[in-house]
Amino acid sequence: MAAAAAAITPQSATSIRYEANSLSSRTSSLFRPHSLTFSALHSLSSPSIRRQIITASATSSATTASPPSSSLSLGFEDHYDQILLHFVSLAVTMGTATITVAKIDKKVDKKDFLHITDYDKSTILKILDRAIEVKALLKSGDRSFQPFKGKTMAMIFAKPSMRTRVSFETGFSLLGGHAIYLGPDDIQMGKREETRDVARVLCRYNDIIMARVFAHQDILDLAKYASVPVVNGLTDYNHPCQIMADALTMIEHVGGIEGTKVVYVGDGNNIVHSWLLLAAVIPFHFVCACPKGFEPDQKTVEKARAAGISKIEITNDVKDAVIGADVVYSDVWASMGQKEEAEHRRKVFQGFQVDETLMKLAGPKAYFMHCLPAERGVEVTDGVIEAPNSIVFPQAENRMHAQNAIMLHVLDA
């Protein structure tokens, strides 16, 4: 009996080969067939394969005096930043053996959902198709599809939100999982504890992390240091889950995204950045109509234009912008963290309210969309939100269905 231990630190691996080489033999003549058996106890950062014992065996035989050699591949389905293997038993008949790490056969990167442009067109459309499929299943009342059964999700909220929390938590639960809410005072990420430490702790308890934060760097750091998928629930830079819900809503009501005209009216904020990134993947006409000085990030505009597939316009003429729109889209003028600027912004944004007159200019086929919450009477009138061509509430519902599909994708479920 001999014992050995090995520590491996690949970012992710699906197959690791261990070779057991016989070092000596009790006989120098005919070497009888021998067997090698061992058990590996491993503690994993991903809880989807719980702490368990993997037992494997290999057999080999030789007819010469040279020591035999056996090898065996162990497969691991999940991805870890560190795998510790403790070989608890090792027995060899007619010889002495050691275990050595020979090679890593294959590397697989974990999936995150941080920006629309992290994926190509076919993948984005595939996720949206899955959203339609799973939505129909849930709407039918069928609860047999439980791909997240036994899985947990940590939800980090530096910014509170009704829609983000309820849509993620309900969606994950309906598909069999359990979500844990961590509010602004529960972690104080970056203040009480560094983001990289939070990431490396939470990924050892959970199968997936969703975060709604202020600084975009926080979501990037979570993804960098977590060994499980990280989903961007919103940052000050972008809001990809919202735009996936918007795209799903357009497919259902407009008939698709390609070839349409989407006109955003208001502040060039994270929603605009997300629309621009979608326009870098799927071809459509996107217009941002905003006051001077409130244009979106120039680098993001350039990125969308450089993709060369969509028509991108940034303008200060809102009346001209909305003509022929399939969708007129609005958001609050002062986002969370900008409320001290609210009064100033109300003055600057005069003329950028989406009202009945503006919707008439857009044309009879134009739908109105808003990511909510809305300040009725400020960026949009009550009449526009309540009009028959408003699809604001189907849009809000689709947050859950789009996010379900995103989570299914990153978890390979």
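The values are calculated or read from the model by the stated rules, or taken from the named source; none is laboratory data. Bear in mind that the values here come from a model prediction, so they are computed numbers and not experimental data. Don't worry about glycine lacking a Cβ; one is built from the backbone with ideal geometry, like all the others, and counts go over all protein chains shown. Surface accessibility is based on the protein's heavy atoms, side chains included, excluding ligands, DNA and RNA. Shrake-Rupley method; radii C 1.70, N 1.55, O 1.52, S 1.80 Å.
Here are the numbers for the structure shown:
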item: Selection status of Arg345, open to solvent by less than 40 Å² (accessible area, probe 1.4 Å), in a helix (DSSP H, G or I), within 17 Å of Gly268 (Cβ to Cβ) and of a type outside the set (Gly, Ala, Ser); result: yes
item: Yes/no for Asp297 being over 25 Å from Met400 (Cα atoms) and either in contact with a strand residue (DSSP E or B) (Cβ under 7 Å, 6 or more places away or on another chain) or in contact (Cβ under 8 Å) with a residue 12 or more places away in the chain (or both); result: yes
item: Meets criteria (at pLDDT 95 or above, part of a helix (DSSP H, G or I) and open to solvent by 30 Å² or more (accessible area, probe 1.4 Å)) for Lys303; result: yes
item: Yes/no for Ala405 being within 30 Å of Ile208 (Cα to Cα) and open to solvent by 30 Å² or more (accessible area, probe 1.4 Å); result: no
item: Filtered residue count, the stretch 306-342, keeping only those that are surrounded by 15 or more Cβ atoms within 10 Å (Cβ to Cβ), of a type in the set (Val, Ile, Thr) and touching a strand residue (DSSP E or B) at 6+ places or on another chain (Cβ under 7 Å); result: 6
item: Subset tally (residues that are touching a residue at least 40 places away in the same chain (Cβ under 8 Å) and in contact with a helix residue (DSSP H, G or I) (Cβ under 7 Å, 6 or more places away or on another chain)) for the stretch 352-365; result: 5
item: Residue among Trp275, Trp333 that alone is aromatic (Phe, Trp, Tyr) and within 24 Å of the chain's Cα centre (by Cα); result: Trp275
item: Spans of helices (runs of 4 or more DSSP H) in the stretch 170-289 with at least 3 residues open to solvent by 10 Å² or more (accessible area, probe 1.4 Å) and touching a helix residue (DSSP H, G or I) at 6+ places or on another chain (Cβ under 9 Å); result: 195-202, 216-225, 240-253
item: Scan of the stretch 145-169 for residues that are among the basic types (Lys, Arg) and either part of a loop (DSSP other than H, G, I, E, B) or open to solvent by less than 30 Å² (accessible area, probe 1.4 Å) (or both), ordered by number; result: Lys149, Lys151, Lys159
item: Residues within the stretch 368-413 that are closer than 26 Å to Leu138 by Cα and either part of a loop (DSSP other than H, G, I, E, B) or among the hydroxyl-bearing types (Ser, Thr, Tyr) (or both), tallied; result: 10
item: Residue that is nearest to Asp236 (Cα to Cα), among those in the stretch 111-151 that are of a type in the set (Ser, Thr, Tyr) and touching a helix residue (DSSP H, G or I) at 6+ places or on another chain (Cβ under 9 Å); result: Thr117
item: Residue within the stretch 258-266 that is without any contact (Cβ under 8 Å) to a residue 40 or more places away in the chain and more than 19 Å from Phe214 (Cβ to Cβ) present; result: yes
item: From the options Asp197, Asp207, residue that is closer than 20 Å to His409 by Cα and acidic (Asp, Glu); result: Asp207
item: Scan of the stretch 376-413 for residues that are touching a strand residue (DSSP E or B) at 6+ places or on another chain (Cβ under 9 Å), under 14 Å from Ser330 (Cβ atoms) and of a type in the set (Val, Ile, Thr), ordered by number; result: Val380, Thr381, Val384, Ile385, Ile391, Val392
